Structure formats: structure tokens, C-alpha cells
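The values are calculated or read from the model by the stated rules, or taken from the named source; none is laboratory data. For clarity, every value in this text was computed on a predicted model and none was experimentally measured. Because the Cβ atoms are built from the backbone with ideal geometry, glycine has one as well, and the counts that use them run over all protein chains shown. Remember, those area values only see protein heavy atoms, side chains included, never the ligands or the DNA or RNA. Shrake-Rupley method; radii C 1.70, N 1.55, O 1.52, S 1.80 Å.
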Amino acid sequence: MEISHIEHIGIAVKSLDEAIPYYENVLGLKCYAVEEVKDQRVKTAFFKVGQTKIELLETTDPEGPIGKFIEKRGEGIHHLAYAVKNIEGAISEMESKGVQMIDKAPRKGAEGLHIAFLHPKSSGSVLTEICEDKNK
Ligand code: ZN
């Protein structure tokens, strides 16, 4: 498996409207996209930091994964996403190494990426995503 860089860091927030000003006014980053990902019941806001992005996640459903995360643990870092070259190959390689995958096949994430999550039991309790930009 070949990881090229950290694609993004996912951060759970209660409200994009309340969170975005910190990133823009304090850190001086620019929110370049806001997108709803229905499948994951979230609204996302993106900022670029070099090759890596910050992905803010606001739930659109209290029962969704981000809604439950915030209820249990509050706002904060939710997951790390690594960019890989061949996501199908990476998934089979990890399964062959005994990694428990939440997604056994890639699904569509924000920005048209193909994504798959590892189970935190297999990734040292850090919710980990791998993703591939097939448009590149
Ligand atoms: Zn993500």
C-alpha cells in the first residue's frame, strides 16, 4: 500500500457557521467548499493547508455518526484520512493483514473521493479513512 500524504483531517463541529470564522479569521484559511454528503448525514466545509485539507463535519441528523460522536465525546478531531494510490488494492492488503474494515468496498465521499474506513479497533482507536482521488 502506498500512502502519498494526509488527505484530510476530519473535525466534528456542532455548527459550521460557528466554527468557520475561527479557521478563516484566526488561522487565515479560506473555506473553499461546503458540501452535504447525504450518505454520511453530514454537511462538510473544506480548507486547504498545503496538500492536506481540514474537513469540518456538522451532522444533519442527531442519529448520524457525527451526531452520535458529538453527543458522546463533544466537538473535536474525528478522523484522519490518508491518500492512497489504489484503494481497492489497499483494502485487500489491509484485510489480508487482519485489519477489520468498516467499508469492505470503497464508497463515495465528499469531493468525489472514493473512501473506506478502517475499524478503530484495528487502527489504535484512531478512526482512520483511506481515500483515492480517481480524477487525478
Ligand atoms: Zn473524511
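Out of K38, K68, I need the residue that is modelled with pLDDT under 95 and among the charged types (D, E, K, R). Which one?
K38
I'd like to verify a number: residues in the range 1-25 that are within 15 Å of the ligand (Cβ to nearest atom), out of contact with any His (no Cβ under 9 Å at 6 or more places or on another chain) and open to solvent by 30 Å² or more (accessible area, probe 1.4 Å), how many?
Number of matching residues: 3.
In the range 102-136, which residues are touching a residue at least 24 places away in the same chain (Cβ under 8 Å), assigned to a helix (DSSP H, G or I) and of a type outside the set (D, E)?
A110, S122 - these are the residues of the range 102-136 that are touching a residue at least 24 places away in the same chain (Cβ under 8 Å), assigned to a helix (DSSP H, G or I) and of a type outside the set (D, E).
So which residues in the range 26-57 are touching a strand residue (DSSP E or B) at 6+ places or on another chain (Cβ under 8 Å), among the charged types (D, E, K, R) and open to solvent by 40 Å² or more (accessible area, probe 1.4 Å), if there are any at all?
The answer is K30, E35, E36, D39, R41, K43, K48.
Checking N135 against (1) within 21 Å of I20 (Cβ to Cβ); (2) at pLDDT below 95, only one condition comes out false. Which one?
(1)
Quick one: in the range 78-136, of everything that is open to solvent by less than 30 Å² (accessible area, probe 1.4 Å) and of a type in the set (S, T, N, Q), which residue is nearest to the ligand (Cβ to nearest atom)?
T128
Of (1) modelled with pLDDT of 95 or more; (2) under 20 Å from Q51 (Cα atoms), P106 satisfies all except one. Which?
Result: P106 passes all but (2).
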